[in-house]
Amino acid sequence: MIYLLTVNYYSTSLIAQLIRSIPASLDIPYQILVVNNSPDDWALAKLHAKSLQILEAKTNLGFAKACNLGLEWIYNQDPKAIVWIINPDTYLPENTLEKVPIFFETYPELSLLGTCIYTPNSDIWFAGGQFIPHLGAIVCTNSISPHLEKAYATCDWVSGCSLLINLRHFETCPYFDPDYFLYYEDFDFCRRYANEGHQIAITNRLAIVHQPSSITDRNITKKLQHCTYSYLLTLERYTNKHVFFLRFLRLTLHAITLLLLKPQAAFGKLIGISTYLFSRVRWYSR
């Protein structure tokens with residue numbers, strides 16, 4: 001069974017597009033699971049599709065906690081399933097879903113698999129992630145080429161925009177860290193499970209089409225607030241104090257210089273910085 005897990009935050013029309021990209025005549029068993037982070041999005045209740053299940057979060061849990069809610073539900077249903085975490089602002093190219101079970105039957109050693117992510121203009125948006133700890137650099141790299149002979153390439157992390165999880169490799173349900181509300185939770189997820197010995201890879205045999213930031217750009221201040229907080233939390237966990245301090249200083253100075261040019265962006269970054277600092281004060285005062 002393949003479970004497509006997506007999170008709704010006022011994005012019903014986008015989820016409808018995603019559902020339409022799955023052929024109604026598809027023979028392989030699958031289920032679409034939507035975790036609803038916007039309980040007053042009344043349009044979602046009118047959405048009807050084959051094998052559609054909606055879980056009500058009752059509030060905006062953020063991406064990590066919403067995914068955890070869905071992962072727990074799926075794991076209780078079928079602990080050997082394949083879960084495809086996929087953004088609502090994406091859709092599948094033709095003949096995509098039926099390739100998934102064949103891929104994992106052929107390469108059962110993989111625990112976490114990312115796919116190529118393209119923009120609607122057919123440009124590559126994501127094709128693998130690299131982490132350079134001594135620089136604190138979390139970068140997107142093209143780990144695979146169109147002419148790659150191998151079916152996949154190993155990498156440090158893959159995007160939560162399109163992340164497949166082979167539950168057979170997990171003795172307990174895998175979880176995202178709930179300290180992340182939005183952004184970098186996929187990086188943390190990959191690094192934690194890589195440190196436990198799980199194999200992570202990216203493939204060009206599977207792909208999705210993504211409309212970047214079609215949801216998060218609705219509020220640029222909130223977007224940069226969450227992004228900044230999560231970035232600092234990630235640097236704290238995966239780099240040394242020297243690297244963290246230099247990155248923190250550069251980020252703060254950049255936010256201050258933006259105050260006159262791009263005040264919304266600047267406020268978002270500064271709120272994210274202050275949120276991180278207050279969270280550390282609360283943590284150390286326990």
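Please treat every number below as a calculation from the coordinates, not as lab data. This is a predicted model, so every value here is computed, not measured. Here the Cβ positions follow ideal geometry from the backbone for every residue, glycine too, while neighbour counts run over all protein chains shown.
Kirkwood's formula applied to the C-alpha pairs of the chain gives a hydrodynamic radius of 19.8 angstrom. Membrane-span-like helices in the chain, defined purely by DSSP H runs whose alpha carbon atoms cover 27 Å or more axially and whose average Kyte-Doolittle hydropathy reaches 0.0, are 241-261, 263-284.
With only Lys, Arg, Asp and Glu charged, each at its Cβ (+1 for the first two, -1 for the last two), find how big the charge dipole of the range 238-286 is about the Cα centre; round to the nearest 20 debye.
160 debye
Taking amide H as placed 1.01 Å from N in the peptide plane, Leu206 has its amide H under 5 Å from the amide H of Cys116, each at least 5 places away in sequence or on another chain. Considering only Pro93, Leu253, Gln211, the residue lying farthest towards the positive end of the dipole of the chain is Leu253, judged by Cα position with unit charges set on Cβ. Can you flag which of Lys58/Lys262; Lys46/Lys269; Lys50/Lys99; Lys65/Lys223; Lys65/Lys269 are past 27 Å Cα-Cα? Listed pairs above 27 Å: Lys58/Lys262; Lys46/Lys269. Helical content of the chain, expressed as a calculated mean residue ellipticity at 222 nm, amounts to -12000 deg cm²/dmol (DSSP H runs of 4 or more residues, -39,500 (n - 2.57) each, divided by residue number, nearest 500). Across the options Ile138, Leu270, Ile54, the greatest Cα extent toward the positive end of the charge dipole of the chain (unit charges at beta carbon of Lys, Arg, Asp, Glu) belongs to Leu270.
Dipole magnitude for the chain: about 980 debye, using +1 per Lys or Arg Cβ and -1 per Asp or Glu Cβ, origin at the Cα centre. Projecting the Cα atoms of Val34, Ser21, Tyr229 onto the dipole axis of the chain, where Lys and Arg carry +1 and Asp and Glu carry -1 at the beta carbon, places Tyr229 farthest toward the positive end.
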